[in-house]
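Read through the structure below, which is laid out as structure tokens, and then see the notes.
Read-outs: derived from the displayed coordinates by stated rules, not from any lab. The model shown is predicted, which means the values in this text are computed figures rather than measured ones. Note that we place each Cβ from the backbone using ideal geometry, even for glycine, and neighbour counts take in every protein chain shown.
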Number of protein chains: 2
Amino acid sequence: MSFKDLTPNTVIEYIQSYTNIFPAEAKLTVYEIGAGDDDGDGFVNHVYRISDADGKSVILKQAKPYLKAFGAGVPLTTRRNQLESEIIKVRSAITPEYLPTMYHVDAANNLFVYEDCGRLKIMRFELIKGKTFPKFPKQMGDFLAKSNFYTSEIYLDQIVHKGLACKFMNPEMRVIMETILFLRESFIEAEIELPAGDPNHIIMGDLLWEKRELRVELLKLRGIFMKKSECLVHGDLHTSNIMIDENEMKIIDMEYPFMGPSSSDTGYLIGNLIYEYIAWFHHPEGTQTSRRAYRQEMIDYIRNLMTEYQKVYTVCWEQDAKPMYRDYPEYREALLRDYIKEVCGFAGCQMVSRVGGIVPLPDFDVLQNLASRNSARRLALLIADALVMKREEVESVDDIINLIETITTRYFEVMKALKNRS
Amino acid sequence: MSFKDLTPNTVIEYIQSYTNIFPAEAKLTVYEIGAGDDDGDGFVNHVYRISDADGKSVILKQAKPYLKAFGAGVPLTTRRNQLESEIIKVRSAITPEYLPTMYHVDAANNLFVYEDCGRLKIMRFELIKGKTFPKFPKQMGDFLAKSNFYTSEIYLDQIVHKGLACKFMNPEMRVIMETILFLRESFIEAEIELPAGDPNHIIMGDLLWEKRELRVELLKLRGIFMKKSECLVHGDLHTSNIMIDENEMKIIDMEYPFMGPSSSDTGYLIGNLIYEYIAWFHHPEGTQTSRRAYRQEMIDYIRNLMTEYQKVYTVCWEQDAKPMYRDYPEYREALLRDYIKEVCGFAGCQMVSRVGGIVPLPDFDVLQNLASRNSARRLALLIADALVMKREEVESVDDIINLIETITTRYFEVMKALKNRS
């Protein structure tokens, strides 16, 4: 079967000809995701929702050999699509409840069809609106701990583990994160046209990037990210890749998986939760009390997510670690200590790279008042700096939270003092 | 071409039919290596020396799908042979002076033909005789630093580096070292018949293996060995895999290569040099002065090898590191500090696993007096324990040497005090 570069017009024909998902007589309609504001996807791939008259719907995702948003000028391996369908299968064997069901894989055409999670919402945009998801920390801690444990050599046969490492070596996609998360020289900023950027924002970023000690620590964290071949990680676990409601959570967009450090996904995600914590000092909605409560909600997500992670990881270890590991809980504790330090560092990296650059960040961009937006950015950069530089001193998730809250308190004290003087 | 399971009788026919190494009329003779005491090889593979009447000779090495010494009962991947020829090519592009020249590779038959280094001697047996190799520390430091640097991502393109990691993932061979170096449960001891073992030796090993804190540290070091994908390492760099004379050094037996920590080969090799340092307290040959001088020689090899490593690594970095690394010598210094700590740990692991078990160790087995032999073993285990447990406190090669010398002095003080009392 030759390559079919699907269009909204040919998607229905494809679904009817090559899959049995819908009965032959079904009347199907198609919608290309990315047209709506809160769609969240459709930046990198072509993503279609196909529905029948009864409301049953599925998602078809096709990779083309470039980034959709930038066109043929920014080539990208189509193998990402096959890897994504395979990693969904691996993870579905571990935690099916957190993955969309896979219906159809067509490697030759770089596409697959999976469950439409459209009943759920993209977490980032819900957090921006102040929605809460009380089950999220437990669900996410559970997902991360089980995914990490059961794809690590603590559980897997050594040879199988190395086979997975090769299968998901994924060099072309990894290079993207290895560059944008840890280095100033982001090729994305060089190759696409970005808005000119607020000069105050640029100066704040420059100040941080010029700090040598920080750059060295970013290189060290990049070294861990690139060299530590521990378990299969998602590689791009931010709040736009989480579909959620009050009961269910689904993880999507798995094009960056690789055998990496168990701390990297948690750190990356926590960076995103910190943005919301910071943003809710500045949102005009609600009352002072409700905003404080929402910030506390974000802090609780961070604490409870990591606490749940450690709890579930320990249960997995006690049940399923190879005897040579199970006999030494001291080793598990050492791994979890490293995990906490690295999570702290990777959370900081994500914030340095994102807020230190001028690529869009919906969590802050939603703040209409420019002074508020820059205040959020400044605080984010201060917290990021502390998370990276102080990570070796951190022993628990409470230490991380103390660091965040201490920097925040000091920041607002300084701001208040400056305001009183002027 | 179908698989030819060569025998001493068919080796000549093969060489004449499939290579142009010797003229058609050459009168060739063949010798299977492993028949002589100091041959050193022929334990794992079939290795033949083919010579013509003028004395020109080459080595043919063929892998069979099992360990030669144990027969078909201990299967082993024949892919090791192809990997070996490929890693020789990679390393020959970096440091040709330390590798045998490759003449002919026949992947289908799991064999290759390379330079006969028979003019050189196997280092281990020369050290046991008290020979010195003044150029060795510089040669080895140079070899290790260049091999490590130019196969790391500090120099290589990120995507090329990951390609090499997959090509040399080598899971079946790695599992051997991952087991015997760090775990008590050595499958080798389980599957082959070993001499019953001296009860005193067994008790000493048991005492060490029962120390929980040590076992946890061995698991941590094993984690570094298995997970840190930094540069291509030899994987089995002991003194029997070094061919040497006063001018030349050649590294042989590269069946265990993989992308691992830059510290692992150095640590493994230093463990072997420490055996000689210890053994020369007990050799009956020479005078007290000459034995002391020889022990000092071994200590100097350790110091100078690691000093040279750091010097050459720094030169490589300044010349050839990618700009984003070259601009941050602080990061290089951090890598070299980690290198020293890990070398210390890996040296200890090698000694714990080798002396803590009852597999033969020529460096000590040559000591005729049983009390001396057990004294050497006891001291080796004490040093090994210190190297593993104290590695995080070590900041320089001098710290490692101080540790070795301090434990040695205390050990002999205790022995003397016990002797004076009895």
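Observations on the structure shown:
- Once the Cα atoms are used to define both axes, helix A:158-167 deviates from the longest principal axis of chain A by about 80 degrees.
- Sorted from shortest to longest, the distances between the B:Gln296 label points of this copy and the other copies are 7.2 nm, with each point 7 Å from Cα along the line through the beta carbon.
- Distance from the alpha carbon centroid of region B:302-363 to that of region A:340-380 works out to 38 angstrom.
- Part-to-part distance (alpha-carbon centres) for region A:241-283 and region A:393-418, which is given in Å: 22
- Scattering profile of region B:271-422 at q = 0.08, 0.13 Å⁻¹ [log10 I(q)/I(0), Debye over alpha-carbon scatterers]: -0.28, -0.66
- Copies compared at B:Gln368 - label distances in nm, ascending, label defined 7 Å from Cα in the Cβ direction: 9.7
- Rounded to 10°, Cα long-axis angle of helix A:199-209 versus longest principal axis of chain A: 80
- Distance between the pseudo-spin-label points of B:Val359 and A:Asp300 (7 Å out from Cα toward the beta carbon): 5.6 nm.
- When its C-alpha radius of gyration is set against 2.2 N^0.38 Å (N residues), the protein assembly as shown gives a value of 1.07.
- Note on chain A: Cα-Cα pairs beyond 37 Å make up 24% of the total pair count.
- Distances in nm from A:Glu248 to the matching label points in the other copies, shortest first (labels 7 Å along Cα to Cβ): 7.1
- Amide hydrogen neighbours beyond the local backbone of B:Lys228, cut-off 5 Å, H modeled: A:Ser229
- Spatially, region A:200-217 and region A:141-162 are offset by 36 Å when compared through their Cα centroids.
- Computed over chain A with a Gaussian network model linking Cα atoms closer than 10 Å, the most mobile of A:Met173, A:Met324, A:Met102 is A:Met324.
- In percent, rounded to a whole number, the relative contact order of chain B is 16, using alpha-carbon pairs under 8 Å and six or more apart.
- Charge sum, other residues only, whose C-beta stays under 13 Å from B:Met102's C-beta, Lys/Arg counted +1 and Asp/Glu -1: -1
- Loop sites in region B:186-292: GluC sites (Glu not before Pro), DSSP, at most 14 other Cβ within 10 Å: B:Glu193, B:Glu210, B:Glu246, B:Glu285
- Virtual paramagnetic centre 7 Å along Cα→Cβ of B:Lys56, amide N under 18 Å, in region B:13-35: B:13-31
- Computed from Cα atoms, the angle from the helix A:212-227 axis to the main principal axis of chain A rounds to 30 degrees.
- The label point for A:Ala26 and the one for B:Lys311, both projected 7 Å from the Cα toward the Cβ, are 7.3 nm apart.
- Model label points for A:Val175 and B:Ser372, set 7 angstrom from Cα along the Cα-to-Cβ axis, are 6.0 nm apart.
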